[in-house]
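Colleague: Have a look at this one before I ask anything.
The values are calculated or read from the model by the stated rules, or taken from the named source; none is laboratory data. Just so it is clear, the model here is predicted, and its values are computed rather than measured. Neighbour counts are summed over all protein chains in view; Cβ atoms, including those assigned to glycine, are modelled from backbone coordinates with ideal geometry. Just the protein is used for accessible areas: all its heavy atoms, side chains included, with ligands, DNA and RNA removed. Shrake-Rupley method; radii C 1.70, N 1.55, O 1.52, S 1.80 Å.
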Amino acid sequence: MEPLDTGECETGFCAEGEIAVNIGGVRVVLFGDVLNRYPESRLAELVNCSTQNSEVISSLCDDFDPGRKEFYFDRDPDAFKCIIDVYYFDEIHIKRGICPICFIKEMEFWKIDQSVLDECCKSYLSEKEDELKEIANKVKVILEDLEVDQCITRTQRCQRFLWRLMEKPGSSLPARIIAIASFLSILVSAVVMCVGTIPELQVTDSEGKLVEHPTLEAIETACMLWFTAEYLLRLASSPNKLHFALSIMNVIDFMAIMPFYVVLSLTYLGTSSMMELANVQQAVQALRIMRIARIFKLARHSSGLQTLTYALKRSLKELGLLLMYMSVGIFVFSALAYTMEQSHPETLFRSIPQSFWWAIITMTTVGYGDIYPKTTLGKCNAAVSFLCGVIAIALPIHPIINNFVVFYNKQKVLETAAKHEVELMELKSGRDARRKKLKLVHEKRLDMCLENHYQCECR
């Protein structure tokens with residue numbers, strides 16, 4: 001840095017109250033009264049500091065030319081163009097093409113508080129921060145999978161190996177085989193549950209009642225044993241048992257397994273007098289119906305179903321609007337249909353609550369035909385109702401599809417970014433290891449040279 005000229009001003013750099021800054025090759029002249037609107041910012045401190053304190057000047061800028069009275073900063077000029085708006089408009093808007101995370105670092109450098117950011121930029125920034133957190137979590141998971149050999153004890157190594165085997169289908173060939181076997185078991189169990197209800201495939205028990213075929217029961221038992229063993233192994237190898245037990249997908253797995261053992265205990269361990277009770281029989285039938293929950297286990301093995309679930313969660317607002325529109329339409333058109341059909345002697349609309357069913361099947365364009373209008377006004381009301389129903393259903397479809405596509409593409413980008421980050425970390429660690437190896441070789445050669453030199457001097 002060149003020596004400062006202390007004879008120009010006593011209290012500031014420019015008597016006119018302005019300074020010239022050079023941001024990455026872009027020269028900008030700023031006025032002191034404008035910069036003093038934010039006195040705690042770097043530029044305000046720069047315009048108000050004394051020329052006799054060179055240490056303060058050095059801490060505020062990268063370089064200073066006293067001849068041109070120009071301060072140099074090695075910063076992003078595009079970001080500075082956005083930041084300078086705060087002195088004129090009291091708010092900052094991040095322009096396109098600027099990384100919001102890097103922009104926040106620029107704001108911290110210029111000592112501008114984040115509260116001056118525009119609301120749209122704050123939401124955009126929070127979205128990018130969430131994406132970075134997701135990438136960091138994915139990188140953490142990948143690194144944990146790569147650090148199996150770094151576990152302290154043999155038990156921890158076995159637990160980590162078992163966890164990868166049951167939860168990471170892409171980690172190895174046996175893990176992929178287990179995932180495929182689990183997927184097929186779910187499909188077989190669902191098919192057996194459906195086929196078991198066909199009367200031609202059922203058999204008669206000692207009491208003359210139709211029950212499932214013994215072969216289907218054997219297949220069902222084998223699938224349930226597989227589900228039980230899989231759940232217990234995943235629970236035993238889980239690093240966080242409580243989080244595992246309270247996870248939604250694991251709760252579904254437990255609810256799919258539990259009815260089998262409850263029915264088994266009531267059927268084979270309960271007394272005959274107990275099984276004759278109507279309430280117990282109804283409970284057994286209800287628990288058998290709960291086997292349908294097994295089909296939701298497919299979501300654990302399908303990234304597409306998981307993406308669809310997350311997309312529906314993000315579309316709760318659109319779904320709520322759809323339900324609100326449909327509710328209003330059902331109430332209005334059912335009341336109109338009841339009023340218009342009262343003049344007909346053979347009317348099917350006995351009450352407004354009964355008309356709700358007609359409005360639902362009409363607005364959703366199902367039309368079972370069990371209840372229908374017979375008057376001219378009632379038919380006109382029906383035509384308007386199903387047209388409104390088509391429009392109400394079609395309106396939120398595009399946002400829901402858009403959320404699905406955006407979320408799916410976002411997950412693909414995040415996975416690619418996480419893998420790229422891991423590759424960069426491996427490359428960096430490889431370079432560091434190579435440097436350490438070269439350093440050791442260099443030190444070894446230096447020691448050998450010194451030893452040879454010492455031996456020559458001794459001779």
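Colleague: Not counting ligands, DNA or RNA, and with a 1.4 Å probe, what is HIS398's accessible surface area in Å² rounded to the nearest 10?
Modeller: Counting only protein heavy atoms, HIS398 exposes about 130 Å² to solvent.
Colleague: Expressed as a whole percent, how much of the Cα-Cα distance distribution for the range 147-227 exceeds 22 Å?
Modeller: When every Cα pair of the range 147-227 is considered, 48 percent fall beyond 22 Å.
Colleague: Show me 37-46, 232-241 ranked by packing, highest mean number of other Cβ atoms within 10 Å first.
Modeller: The packing order, highest mean first, is 37-46, 232-241.
Colleague: In the range 18-138, what is the volume of the convex hull around the alpha carbon atoms, normalised per residue and reported in Å³?
Modeller: Residue-normalised Cα hull volume stands at 115 Å³.
Colleague: Find, among the GluC sites (Glu not before Pro) in the range 174-214, those assigned to loop by DSSP (not H, G, I, E, B) with at most 15 other beta-carbon atoms within 10 angstrom. Let's see the in-between values first.
Modeller: On the way: sites: GLU200, GLU207, GLU212; in loops: GLU207, GLU212.
Here the sparse-neighbourhood loop sites are GLU207.
Colleague: Further, regarding this structure: Pop out the ³J(HN,Hα) list for the range 159-171 in order, Karplus 6.51 cos²θ - 1.76 cosθ + 1.60 with θ = phi - 60°, rounded to Hz; leave Gly and Pro as x.
Modeller: With the stated coefficients, the range 159-171 comes to 5, 5, 5, 5, 5, 5, 5, 8, 10, 10, x, x, 6 Hz.
Colleague: Fully extended, how many nm does the chain gain between MET255 and LEU308 (0.36 nm per residue separation, minus their Cα-Cα distance)?
Modeller: Result: 16.9 nm gained on full extension.
Colleague: Per-residue accessible area for GLU18 at 1.4 Å probe radius, Å² rounded to 10?
Modeller: Near enough 60 Å² of accessible area.
Colleague: Right, next: Stretched out fully, how many nm does the piece from SER327 to LYS122 gain, at 0.36 nm a residue minus the Cα gap?
Modeller: Extending this stretch completely gives an extra 70.3 nm.
Colleague: Pull out the extension gain between TYR368 and LYS241, defined as 0.36 nm times the separation in residues minus the alpha carbon to alpha carbon distance; nm, one decimal.
Modeller: Answer, rounded to one decimal: 40.8 nm.
Colleague: Follow-up question, since we're still on this one. Which residues' amide hydrogens lie under 5 Å from the amide hydrogen of SER171, considering only partners 5 or more residues apart or on another chain, with H built in the peptide plane?
Modeller: The list, which skips near neighbours in sequence, is empty: none.
Colleague: Separate question: Report, in listed order, any pair from LYS105/LYS410; LYS111/LYS313; LYS168/LYS410; LYS111/LYS412; LYS122/LYS168; LYS69/LYS122 with a Cα-Cα distance greater than 32 Å.
Modeller: Values: LYS105/LYS410 24 Å; LYS111/LYS313 38 Å; LYS168/LYS410 21 Å; LYS111/LYS412 36 Å; LYS122/LYS168 36 Å; LYS69/LYS122 36 Å.
Table pairs above 32 Å Cα-Cα are LYS111/LYS313; LYS111/LYS412; LYS122/LYS168; LYS69/LYS122.
Colleague: Give the peptides 331-339, 257-265 in descending order of average Cβ contacts within 10 Å, highest first.
Modeller: With the highest mean Cβ count within 10 Å placed first, the list reads 331-339, 257-265.
Colleague: Under a crude label model (7 Å from the Cα following the beta-carbon direction), how far is CYS49 from LEU173 in nanometres?
Modeller: Rounded to a tenth, the inter-label distance reads 6.6 nm.
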